[in-house]
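The values are calculated or read from the model by the stated rules, or taken from the named source; none is laboratory data. All values reported here derive from a predicted model rather than from experimental measurement. Virtual Cβ from ideal backbone geometry, glycine too; neighbours counted across all protein chains shown.
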Amino acid sequence: MGKDRDGICRSWGQHHFETFDGMYYYFPGSCSYILAKDCHSAEPQYTVWVHNSRSCQGSVYSCPRALSLFFPNEDEIHIRGYQVHKGGVRLSLPQTVHNVFIERLADYILVKSTFGFSLAWDGSSGVYLKMTDSHKGRPCGLCGNYNDEGSDDLSNSRGLQVDSLAEFGNSWAVDLPHEQPCEDVDDDFHGPCQSESEMDDAIEKCSALLFFPFISCHENIDPNPFVASCVSDICVSDDEETFCRTLVEYTRACSHVGYPVREWRDSFPTCADGCEESFVHRDCISCCPPTCTFEKECLGTNLHCLDGCYCPDGLILQNGTCIAVSQCPCVYHGTAYPLGHVLEQGCSVW
Ligand SMILES: [Ca+2]
């Protein structure tokens with residue numbers, strides 16, 4: 001149980017979940033599920049569904065996943081990849097929908113709100129929910145109830161505590177009218193490792209998370225759930241990309257609570273950061289980085305920092321490129337003018 005979880009619920013790959021209260025579990029569901037919902041308001045302030053792949057062959061990170069977000073009196077917001085649709089219409093980002101602000105930042109889609117709900121989506125499978133303290137005890141769903149007590153998180157959709165993970169998870173499935181009905185997870189489901197020797201090999205590999213350079217974060221994020229999720233993933237597909245991705249997941253959790261594992265790729269040179277030129281990999285990008293206009297509203301419910309490809313420290317992202325503050329365009333009456341542009345103002349004779 002991570003004490004310093006800061007109220008973050010996370011789900012990654014297809015079947016890994018960690019509740020707001022820090023309980024990790026593996027649930028191999030292939031349906032759509034209520035990840036989190038505001039269950040203690042007459043009208044829920046938010047509902048988040050996660051759509052798992054109906055069938056997933058190969059690495060769990062290569063199978064598609066998507067999200068649906070519901071806010072009062074608004075059409076469904078659907079997020080897949082880096083595309084956001086509302087009521088079936090593609091939204092350009094950034095976008096404000098009532099009291100919800102949606103933007104792309106580094107490798108994430110961020111959804112922030114004025115009511116203490118925020119979400120980050122990594123564009124493929126990782127979803128990270130953060131709530132303010134005012135939401136404690138109020139959510140329900142696969143993320144649990146956020147009451148600082150991990151042991152009571154297996155409450156099903158009828159509000160009853162159950163012992164079976166399958167019963168718990170299945171109860172949160174949602175039927176989609178345009179999708180085939182999907183199958184419940186069996187009560188006696190088992191993990192993806194086929195044999196003990198396969199599991200032992202995976203454990204040996206994944207135990208890398210228990211040593212340098214990850215030690216610097218152990219005090220803040222318990223590595224054991226991430227070793228467990230790594231073992232599951234390696235048993236599905238034992239390749240370097242999957243291994244690197246499981247390491248990323250741990251370091252990302254560290255960044256989200258503000259204790260990034262610096263330069264960990266130096267110890268794992270095969271784990272490329274995949275950044276395009278002019279961008280560099282950063283362990284701790286502010287969720288509200290400086291902009292040329294300095295007018296952006298920073299909502300206070302963010303993850304501490306984000307990992308991913310971004311401008312080198314000290315530069316500002318402007319129209320997709322990194323520039324120095326001194327290169328920022330001037331804004332006059334709402335119109336941006338590039339540096340050096342001379343404005344001739346009309347004179348009027350009185
Ligand atoms: Ca709980």
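Odds and ends about this structure:
- Matching option when the condition is loosely packed, with under 12 Cβ neighbours inside 10 Å, away from the ligand (no atom under 11 Å from the Cβ) and within 26 Å of E43 (Cβ to Cβ), among D175, D163: D175
- Leading residue by the ranking (surrounded by the most Cβ atoms within 10 Å (Cβ to Cβ)) among those in the stretch 190-231 that are closer than 13 Å to L247 by Cβ and polar (S, T, N, Q): S229
- Boolean, N145 is part of a loop (DSSP other than H, G, I, E, B), within 16 Å of the ligand (Cβ to nearest atom) and over 30 Å from H281 (Cβ atoms): yes
- E241 vs. criteria surrounded by fewer than 16 Cβ atoms within 10 Å (Cβ to Cβ), away from the ligand (no atom under 16 Å from the Cβ) and not in a loop (DSSP other than H, G, I, E, B): yes
- Only one of the numbered conditions (1) within 15 Å of the ligand (Cβ to nearest atom); (2) in contact (Cβ under 8 Å) with a residue 24 or more places away in the chain is violated by G123, and that is (1).
- The number of residues in the stretch 206-229 that are in contact with a helix residue (DSSP H, G or I) (Cβ under 6 Å, 6 or more places away or on another chain) and farther than 16 Å from C254 by Cα comes to 1.
- Residue within the stretch 15-35 that is of a type in the set (G, A, S) and within 16 Å of the ligand (Cβ to nearest atom) present: yes
- Residue count for the stretch 54-79 satisfying the condition of being within 20 Å of K112 (Cβ to Cβ), touching a residue at least 24 places away in the same chain (Cβ under 8 Å) and not hydroxyl-bearing (S, T, Y): 9.
- Taking the stretch 75-118 as the range and being assigned to a loop (DSSP other than H, G, I, E, B), closer than 23 Å to V248 by Cα and at pLDDT below 95 as the test, the residues that pass are A106, D107.
- Residues located in the stretch 148-158, provided they are within 17 Å of L35 (Cβ to Cβ), within 15 Å of the ligand (Cβ to nearest atom) and assigned to a loop (DSSP other than H, G, I, E, B): D153, L154, N156
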